[in-house]
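To start, the structure under review is shown below, and the notes come after it.
Bear in mind that the values in this text are calculations on the coordinates, not laboratory data. Everything numeric in this text was worked out from a predicted model, so none of it was measured. Every residue, glycine as well, gets a Cβ built from its backbone with ideal geometry; the counts of neighbours run over all protein chains shown.
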Amino acid sequence: MQNSWVKHVDWIEARVVERRKYITAAGVAAGLDGALRIVSLLRDDRVAQQIQLEIEYAPETPFSSGTPRTALSEVLQAVQESTHAIREARLATGKRMAIQLGIALHVSGQLW
């Protein structure tokens, strides 16, 4: 069974992504960014800025290790090694779900 609403997924390196009626955020702080964007769309920029001030949200990260692209190679390697098992388990779950839903799952350029 092929779900007509599932076409394909494009990986976009962004904290907040808007596509048609969907807004997604990647990460904890990005969730706040996404929430402020939604407030901006539903109300206006001023209300979103007021909320930002009320919660005193002014991120200043102490390191630039927030993405694989910016992290030091030894930090990236340590994270990859320490999360290997959980990543493999999640991939296996994704494959099982794709089979049950009858959809294609693309991982690292491979079709599963």
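Would you mind computing, in nm to one decimal, how far apart the modelled labels at ALA85 and THR61 are, each placed 7 Å from Cα along Cα→Cβ?
Inter-label distance under the simple model: 2.7 nm.
Suppose the chain between GLN50 and ALA92 were pulled fully straight at 0.36 nm per residue; how much longer would it get relative to their current alpha carbon spacing?
That works out to 10.8 nm of additional length.
Hey, with R₀ at 25 Å, roughly what FRET efficiency would LEU76 and ALA26 work out to, going by the Cβ-Cβ distance, to 0.05?
E between LEU76 and ALA26, to the nearest 0.05, is 0.90.
For Cα pairs less than 8 Å apart in space and 6+ apart in sequence, what is the mean separation divided by the residue count of region 11-60, i.e. the relative contact order in percent?
22 percent
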